[in-house]
Amino acid sequence: MTKNILIALLLIAALGCKKNKFSNDDTTLYKWKRDLYRAPVQKDDAAFFNSRNGGVSNNRSGVFLSSDFVVLTEYRKDKQQDSIYKASGKMQVYKYEKLERVDN
């Protein structure tokens, strides 16, 4: 009986500890190259990305839309990446490339 209770408590603790999907660094600024992609339309499939990092269900390439340079912290980059992914219904993603650290 005690063993079952301990196992249940361990499971609750393990499932309750959710990893934060955003970076903890909201102070250090970096220059990023930001590319916007749209999921490719499939003949018999919905157009969507599997993750905010750009994985596509059947076709691994997205349709390139635009590119620009931004200065953001790691945390703000993660928030923007998640925001466009959710707001577009999983059809658009930002892909970031870290270029250099920006001194304040």
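Filter the range 25-50 down to residues that are hydrophobic (A, V, I, L, M, F, W, C) and in a strand (DSSP E or B) and give me whichever is nearest to the chain's Cα centre (by Cα). Filtering the range 25-50 for residues that are hydrophobic (A, V, I, L, M, F, W, C) and in a strand (DSSP E or B), the one nearest to the chain's Cα centre (by Cα) comes out as Phe49. The residues listed here are Asn50, Asn20; of these, the one that is open to solvent by 30 Å² or more (accessible area, probe 1.4 Å), modelled with pLDDT under 75 and of a type outside the set (Phe, Trp, Tyr) is Asn20.
Counting just the residues of the range 81-90 that are touching a strand residue (DSSP E or B) at 6+ places or on another chain (Cβ under 6 Å) and either touching a residue at least 40 places away in the same chain (Cβ under 8 Å) or in a strand (DSSP E or B) (or both), which one comes out least open to solvent (accessible area, probe 1.4 Å)?
Ile84
The values are calculated or read from the model by the stated rules, or taken from the named source; none is laboratory data. Everything numeric here is computed off the predicted structure, so don't read it as measured data. Note that we place each Cβ from the backbone using ideal geometry, even for glycine, and neighbour counts take in every protein chain shown. Accessible surface areas use protein heavy atoms only, side chains included; no ligands, DNA or RNA. Shrake-Rupley method; radii C 1.70, N 1.55, O 1.52, S 1.80 Å.
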